[in-house]
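> The structure's right below; bear with me while I get my questions together.
The values are calculated or read from the model by the stated rules, or taken from the named source; none is laboratory data. The model shown is predicted, which means the values in this text are computed figures rather than measured ones. Using ideal geometry, Cβ is built from the backbone for each residue, glycine included, and neighbour counts are taken over all protein chains shown. To get the accessible areas, we keep the full protein, side chains included, count just its heavy atoms, and leave off ligands, DNA and RNA. Shrake-Rupley method; radii C 1.70, N 1.55, O 1.52, S 1.80 Å.
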Amino acid sequence: MLTLSPAAARGRTRIDWLDSRHTFSFGEWYDPAHMGFRALRVINDDRVAPGGGFPTHGHADMEIVSYVLEGALAHKDSIGTGSVIRPGDVQRMSAGTGVRHSEFNESRTEPVHFLQIWILPDRRGHAPGYEQKTFPEAERRGRLRLVASPDGRDGSVTIHQDANLYAALVDGDEAVEFTQRPGRKTYVHLVRGGARVNGQALEGGDALGLSGEQSVRVDGGHDAEVLLFDLI
């Protein structure tokens with residue numbers, strides 16, 4: 001079974017420093033047909049103007065993954081972490097019992113473009129935590145590179161949920177294939193470019209939920225960047 005979520009159906013928040021597209025209901029945009037996919041609750045495609053950003057605010061009981069596409073994102077939080085996230089970096093913040101943080105475009109001249117991903121944790125009350133790792137383009141080119149997992153295997157960041165997140169770059173004759181384990185679901189978000197997922201043509205911002213498929217194949221790419229979520 002394939003369920004298409006077209007980019008054009010996403011919600012949008014647009015203010016002076018932010019242009020954000022919401023795959024699932026978020027903020028003032030609410031659509032009961034788009035409330036998440038399994039434990040995956042938020043995919044926001046955010047573009048932040050030079051010098052702009054999210055002032056200090058709080059979260060609890062959520063696994064928050066940031067994936068930067070262009071520019072540099074400065075992060076600071078109440079557990080003492082301060083860092084800058086750039087393309088190729090994956091940051092995981094476990095909000096747990098409560099954390100406050102801010103995110104700002106580090107540049108005063110260039111925009112920053114990133115995805116903010118929220119995944120529900122396996123239980124409430126985890127201790128807050130932070131982790132950041134770099135996954136070079138060569139590790140994602142023509143292959144599914146594990147970037148987040150419940151056990152941190154293969155150098156991925158660790159999340160408190162039975163979910164695995166893979167990133168891939170697919171172009172021309174390149175193809176990647178994922179074997180879907182029985183009883184699990186797969187969600188493919190095409191970050192940018194274009195590609196086919198099990199024969200379904202997708203363009204940047206489109207997504208496809210898959211269940212009951214033995215395998216998931218991404219091919220026919222033109223400058224495609226793909227995120228694949230393996231979920232219970």
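> Give me the percent of the accessible area of the stretch 168-220 that comes from carbon and sulfur atoms, probe 1.4 Å, all protein chains in place.
Details: 880 of 2180 Å².
The computed percentage sits at 40.
> Here's another thing I want to ask about it. Between (1) 26, 25, 15; (2) 26, 20, 18; (3) 33, 24, 17, which matches semi-axes √(5λ) of the Cα gyration tensor in Å calculated for the structure shown?
(2)
> Considering the chain as a Gaussian network with a 10 Å cut-off on Cα pairs, which listed residue, Pro121, Pro87, Pro182, attains the greatest mean-square fluctuation?
Sorting by GNM fluctuation, first place goes to Pro182.
> While we're on this one: If each DSSP helix of 4+ residues adds -39,500 (n - 2.57) and the sum is divided by the residues in the chain, what number results at 222 nm, nearest 500 deg cm²/dmol?
0 deg cm²/dmol
> Enter the accessible area of Asp89 (Å², nearest 10), with the probe set to 1.4 Å and all protein chains included.
About 10 Å², ignoring ligands and nucleic acids.
> I've got another one for you. Could you work out the Kirkwood radius for the stretch 123-166, taking every pair of different alpha carbons, averaging 1/r and inverting it, reported in Å?
11.4 Å
> Using a 1.4 angstrom probe on heavy atoms only, work out the carbon and sulfur share of the accessible area of the stretch 42-84 in %. Can you show the working numbers first?
Numbers: 780 of 1460 Å².
The nonpolar share, carbon plus sulfur, comes to 53 percent.
> Label 7 Å along Cα→Cβ of Ser215; the stretch 160-199 residues with amide nitrogen under 13 Å?
Counting backbone N atoms under 13 Å from the label point, the list is 175-181, 198-199.
> Keeping every protein chain present and rolling a 1.4 Å probe, give me the accessible area per residue for the chain in Å².
Values: 10120 Å² over 232 residues.
Here the per-residue accessible area is 44 Å².
> Ranked by accessible surface with a 1.4 Å probe, highest first, in what order do Tyr30, Tyr166 come?
Values: Tyr30 155, Tyr166 35 Å².
Final ranking, largest accessible area leading: Tyr30, Tyr166.
> Using protein chains only and a probe of 1.4 angstrom, how many square angstrom of Met62 are accessible, to the nearest 10?
20 Å²
> Considering only DSSP beta bridges with both partners in the stretch 139-218, what is the antiparallel share in %, to the nearest 5?
Working: 17 of 20 bridges.
Around 85 percent of the beta bridges assigned by DSSP in the stretch 139-218 are antiparallel ones.
> I've got another one for you. Taking the chain as a Gaussian network, where each spring joins two C-alpha atoms under 10 Å apart, which residue of Gly193, Gly220, Gly172 fluctuates the most?
Looking only at Gly193, Gly220, Gly172, the biggest GNM fluctuation is shown by Gly172.
> Which residue, Arg140, Arg153, Arg92, tops the fluctuation ranking in a GNM of the chain built on C-alpha contacts under 10 Å?
Most flexible of the set in this elastic network: Arg153.
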